[in-house]
Amino acid sequence: MNFVTLKAVIDLLEQFDSENTMKNYSDDLKGFKQWIYDDVRTQSVTDEPLWEGKENGRSPESVISTLLVHLNRYAKMYSKSAIAGSEFHTQEEFIYLINLKAFGEMTKTELIKKNIQEKPVGMLIINRLLKQNWVMQMDSEVDKRSKLIKITEKGLEVLENQMVNIRNATNIVTANLTHQEKMELIKLLAKLDEFHQPIFQKNIESNVLINQVYKELPFGKDQL
């Protein structure tokens, strides 16, 4: 046993005992471990990272937006490689099929919205899938005016033929993250998605979109 390490642990236990006067943590190993975890997490949050242009006043919002754009382009690069030499022409085609396989049949509008695309673009993709016989459309039992889109056996087959490459492409995108980092990233991205998706669903005209959304933000009302 390294006695320096042992002494450091004892010192931590003494610090835990003195700081836990309000009994925010249980007086056992579980409480001690949670206290250490929360302390490390607090320190990591307060330690701001460096980024290009920070010394010149570049905002964290600017950096985040740029990095998201970059990551989208990297993901497209790997997706393009994943379908090279296959029957797929675009990554949207296999993404539509993956959604139909995962979530089952749905209306054209639901499928397009799930992929966060505008209707004209989404309809072109669906029409290509229909032409390839990778999906089929049928009447909805709930609303006879609506058509449901369903993946066909041929669609499942062509998708399965590329799934190894597709999975490898998605694994590469987050290859240097630990499991814990991936979980944290999912939480953050899901939070952003939860904010933006309702805005997207409103189909606000581009010429008024930013002003309309910005003035509804807590910090935006005083700046417009």
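The values are calculated or read from the model by the stated rules, or taken from the named source; none is laboratory data. The structure presented is a predicted model; accordingly, all values stated were derived computationally and were not measured. A quick note on method: Cβ atoms are made from the backbone with ideal geometry, for glycine too, and the neighbour counts reach across all protein chains shown.
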*Hey, any hits in the stretch 137-155 for a residue that's under 30 Å from Ser86 (Cα atoms), of a type in the set (A, V, I, L, M, F, W, C), under 27 Å from the mean Cα position of the chain (by Cα) and not in a strand (DSSP E or B)?*
no
*Somewhere in the stretch 48-63, is a residue under 22 Å from the mean Cα position of the chain (by Cα), within 30 Å of Val121 (Cα to Cα) and among the hydrophobic types (A, V, I, L, M, F, W, C)?*
yes
_Tell me the residue from Val213, Val173 that is surrounded by 13 or more Cβ atoms within 10 Å (Cβ to Cβ), in contact with a Gly (Cβ under 9 Å, 6 or more places away or on another chain), touching a residue at least 12 places away in the same chain (Cβ under 8 Å) and of a type in the set (A, V, I, L, M, F, W, C), please._
Val213
*Identify all residues within the stretch 88-124 that are among the acidic types (Asp, Glu) and surrounded by 14 or more Cβ atoms within 10 Å (Cβ to Cβ); write none if there are none.*
Glu92, Glu93, Glu105, Glu110
*Six or more apart or on different chains, Cβ under 8 Å: which pairs go from a residue in the stretch 127-156 that's in contact (Cβ under 8 Å) with a residue 40 or more places away in the chain to one that's exposed (fewer than 12 other Cβ atoms within 10 Å of the Cβ) and hydrophobic (A, V, I, L, M, F, W, C)? Could you list them?*
Lys147/Met138; Leu148/Met138; Lys150/Met138
*So how many residues does the stretch 75-86 have that are assigned to a loop (DSSP other than H, G, I, E, B) and either of a type in the set (A, V, I, L, M) or exposed (fewer than 13 other Cβ atoms within 10 Å of the Cβ) (or both)?*
3
_Please verify whether Arg73 is at pLDDT 90 or above, more than 30 Å from Gly155 (Cα to Cα) and among the basic types (Lys, Arg), treating the condition exactly as stated._
no
